[in-house]
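Here is the structure we will look at.
Rule-based calculations on the coordinates, nothing more; no lab input. Since the model is a prediction, treat every value here as computed from it, not as a measurement. All Cβ positions, glycine included, derive from the backbone under ideal geometry; neighbour counts span all protein chains shown.
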Amino acid sequence: QASETFDTDVITLPRFLINSQIQFNQKKNALNHNNKFNVVTTGEFTLLLNSLQFAFKFISQTIRKSELINLLGLAGEGISNATGDVQKKLDVLGDEIFINTMKGSKNVKLLVSEEQEDLIYFQNNAGTYVVCCDPIDGSSNLDAGVSVGTIVSIFKLKPGSKGTLDDVLRYGHEMVAACYAMYGASTHLVLTTGSGVDGFTLDNNLGEFILTHPDLKVPVQRSIYSINEGNSYYWTEQITSFISSLKDPSKQKDNKPYTARYVGSMVADVHRTFLYGGLFAYPCDKKSPNGKLRLLYEAFPMAFLMEQAGGKAVDDKGNRILDLKPNSIHDKSSIWLGSPNEIDSFLKHIQKD
Ligand code: P6P
């Protein structure tokens, strides 16, 4: 009877990847009518995701420790030193962990990191994957105990390529996978490999990510908007009028204004949008004419995940984020993402204008 309450058949991330690899092969073979050869994925991708999950676990541990040091630091030398050093150190540590893990995985050829000005080329890796990441997104919030995260997009090298900038400056729809880890009360991993989205929670005792949110779908509608209103003096008239319409009960079918929720850490704001619905936006403004969020390792992965969960992701002009292509590795973009109904009302508003 005990086993009824105690789950003895948990799906870990490695087991989930093996299952999806089998399903992928079955689908491929079903499509391959002449059946001359058995299409088997090489398992390279599974190896890459196993390396990625190690990086997330390592960063998660480092953050938990750094928060402890933070507390000690606050009691000791005063706020600025401890917080500043740990914060600065933490960005560097997160970046080093990521670079070393991807180099060690052997199947990553090119790496873009928010913390590195230039593209990283792994000379000795025979890999065929391109990984773009923000190792610790939102780290400025860390000392307030706000959730931060690691955001990752994955492309494959172009056929026959040895690995150049051309393999990185790609259309968003060329991504083969995207994920984020969120380091909050628990450590969550939300992942898509192009057929839906699945959420995992790190069991610290087992040291494994356990499948806790299979086949995540974003709610179709939710009256929540998530945007930094502190920038409203710099917004265009179009964006100002749209946001004020959300707050005007007479403009809403249920005569209720939208609720505002803004953490200021993209992973936390997007994770909430996945689970509760609503819209998250970081538009261009007079201060940041190209937007603030980066295309390759913030907008692209979150847009891919959101679309795979039944949501939408567009820029200020209504262009689909995944149809954009960066001209340089740190290019920025405006972004509106979330429940389809919310993004559709934004699109209607800008088309009306
Ligand atoms: P603002 C954090 O610094 C970040 O890159 C994202 O995580 C977050 O969504 C955004 O910037 C917050 O920017 O200008 O609202 O503080």
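Grab the strands (runs of 3 or more DSSP E) fully contained in the stretch 140-208, keeping just those with 1 or more residues being in contact (Cβ under 8 Å) with a residue 60 or more places away in the chain and closer than 19 Å to Leu93 by Cα.
On the way: elements: 148-156, 177-183, 187-192, 197-203.
Fully inside the stretch 140-208 and qualifying: 148-156, 177-183, 187-192.
Could you list, in sequence order, the residues of the stretch 126-139 that are in contact (Cβ under 8 Å) with a residue 60 or more places away in the chain and within 16 Å of the ligand (Cβ to nearest atom)?
Cys132, Cys133, Asp134, Pro135, Ile136, Asp137, Gly138, listed by residue number.
Looking at the stretch 314-336, can you tell me whether even one residue there is out of contact with any strand residue (DSSP E or B) (no Cβ under 6 Å at 6 or more places or on another chain), within 11 Å of the ligand (Cβ to nearest atom) and among the charged types (D, E, K, R)?
No; the residues of the stretch 314-336 include none that is out of contact with any strand residue (DSSP E or B) (no Cβ under 6 Å at 6 or more places or on another chain), within 11 Å of the ligand (Cβ to nearest atom) and among the charged types (D, E, K, R).
Being within 16 Å of the ligand (Cβ to nearest atom), under 25 Å from the mean Cα position of the chain (by Cα) and at positive phi, is that true of even one residue in the stretch 259-272? Give the steps one after another, and end with the answer.
Our first condition is that a residue be within 16 Å of the ligand (Cβ to nearest atom); within the stretch 259-272, this holds for 260-272.
From what is left, the residues that are under 25 Å from the mean Cα position of the chain (by Cα) are 260-272.
Among the residues that remain, those that are also at positive phi are: 264.
Yes, the stretch 259-272 contains a residue that is within 16 Å of the ligand (Cβ to nearest atom), under 25 Å from the mean Cα position of the chain (by Cα) and at positive phi.
Considering Ser226, Ser265, Ser245, which residue is over 30 Å from Phe155 (Cβ atoms) and either in contact with a helix residue (DSSP H, G or I) (Cβ under 8 Å, 6 or more places away or on another chain) or in contact (Cβ under 8 Å) with a residue 60 or more places away in the chain (or both)?
Working: Ser226 fails: over 30 Å from Phe155 (Cβ atoms); Ser265 fails: over 30 Å from Phe155 (Cβ atoms).
Within the list Ser226, Ser265, Ser245, the selection yields Ser245.
Against the conditions (1) more than 18 Å from Lys57 (Cα to Cα); (2) within 16 Å of the ligand (Cβ to nearest atom); (3) in contact with a strand residue (DSSP E or B) (Cβ under 6 Å, 6 or more places away or on another chain); (4) of a type in the set (Gly, Ala, Ser), where does Gly149 fall short? Just the number, please.
Gly149 satisfies all of (1) more than 18 Å from Lys57 (Cα to Cα); (2) within 16 Å of the ligand (Cβ to nearest atom); (3) in contact with a strand residue (DSSP E or B) (Cβ under 6 Å, 6 or more places away or on another chain); (4) of a type in the set (Gly, Ala, Ser) except (1).
Looking at the stretch 306-353, which of its residues are among the charged types (D, E, K, R) and in contact with a His (Cβ under 7 Å, 6 or more places away or on another chain)?
Kept after step one, since they are among the charged types (D, E, K, R), are these residues of the stretch 306-353: 307, 312, 315-317, 320, 323, 325, 331-332, 342, 344, 348, 352-353.
Passing the criteria: only Asp323.
Could you figure out which of (1) under 17 Å from Pro340 (Cα atoms); (2) out of contact with any helix residue (DSSP H, G or I) (no Cβ under 9 Å at 6 or more places or on another chain); (3) among the polar types (S, T, N, Q) isn't true of Gln221?
Going through the list (1) under 17 Å from Pro340 (Cα atoms); (2) out of contact with any helix residue (DSSP H, G or I) (no Cβ under 9 Å at 6 or more places or on another chain); (3) among the polar types (S, T, N, Q), Gln221 breaks only (2).
Are any of the residues in the stretch 200-218 under 27 Å from Ser333 (Cα atoms), surrounded by fewer than 20 Cβ atoms within 10 Å (Cβ to Cβ) and in contact with a Leu (Cβ under 7 Å, 6 or more places away or on another chain)? Step through it out loud before you land on a result.
So in the stretch 200-218, the residues under 27 Å from Ser333 (Cα atoms) come out as 216-218.
After this cut, where a residue has to be surrounded by fewer than 20 Cβ atoms within 10 Å (Cβ to Cβ) as well, the list is 216-217.
Those left that are additionally in contact with a Leu (Cβ under 7 Å, 6 or more places away or on another chain): none.
For the stretch 200-218, residues under 27 Å from Ser333 (Cα atoms), surrounded by fewer than 20 Cβ atoms within 10 Å (Cβ to Cβ) and in contact with a Leu (Cβ under 7 Å, 6 or more places away or on another chain): absent.
Checking Phe304 against (1) under 22 Å from Leu189 (Cβ atoms); (2) without any contact (Cβ under 8 Å) to a residue 24 or more places away in the chain: exactly one of these is not met. Which one?
The single condition Phe304 does not satisfy is (2).
Could you tell me whether Tyr297 is among the aromatic types (Phe, Trp, Tyr), buried (at least 22 other Cβ atoms within 10 Å of the Cβ), within 23 Å of Leu165 (Cβ to Cβ) and within 15 Å of the ligand (Cβ to nearest atom)? Walk me through how you get there before you give the answer.
Details: among the aromatic types (Phe, Trp, Tyr): yes; buried (at least 22 other Cβ atoms within 10 Å of the Cβ): yes; within 23 Å of Leu165 (Cβ to Cβ): yes; within 15 Å of the ligand (Cβ to nearest atom): yes.
Spelling it out, Tyr297 is indeed among the aromatic types (Phe, Trp, Tyr), buried (at least 22 other Cβ atoms within 10 Å of the Cβ), within 23 Å of Leu165 (Cβ to Cβ) and within 15 Å of the ligand (Cβ to nearest atom).
Listed here are the residues, each with its yes/no results for (1) aliphatic (A, V, I, L, M); (2) outside any loop (DSSP other than H, G, I, E, B); (3) out of contact with any Leu (no Cβ under 8 Å at 6 or more places or on another chain); (4) closer than 21 Å to Thr192 by Cα.
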site: Gln238; (1), (2), (3), (4): no, yes, yes, no
site: Ser241; (1), (2), (3), (4): no, yes, yes, no
site: Tyr262; (1), (2), (3), (4): no, no, yes, no
site: Ala268; (1), (2), (3), (4): yes, yes, yes, yes
site: Gly310; (1), (2), (3), (4): no, no, yes, yes
site: Trp336; (1), (2), (3), (4): no, yes, no, yes
site: His349; (1), (2), (3), (4): no, yes, yes, no
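Is it true that some residue in the stretch 162-174 is under 20 Å from Lys57 (Cα atoms), surrounded by fewer than 23 Cβ atoms within 10 Å (Cβ to Cβ) and hydrophobic (A, V, I, L, M, F, W, C)?
Initial filter on the stretch 162-174 (under 20 Å from Lys57 (Cα atoms)): none.
No, there is no match, as no residue in the stretch 162-174 is under 20 Å from Lys57 (Cα atoms), surrounded by fewer than 23 Cβ atoms within 10 Å (Cβ to Cβ) and hydrophobic (A, V, I, L, M, F, W, C).
Restricting to the stretch 209-223, name every residue that is in a loop (DSSP other than H, G, I, E, B) and within 15 Å of Thr273 (Cβ to Cβ). Walk me through it before giving the result.
Keep residues of the stretch 209-223 that are in a loop (DSSP other than H, G, I, E, B), which gives 214-223.
Leu216, Lys217, Val218, Pro219, Val220, Gln221, Arg222, Ser223 - these are the residues of the stretch 209-223 that are in a loop (DSSP other than H, G, I, E, B) and within 15 Å of Thr273 (Cβ to Cβ).
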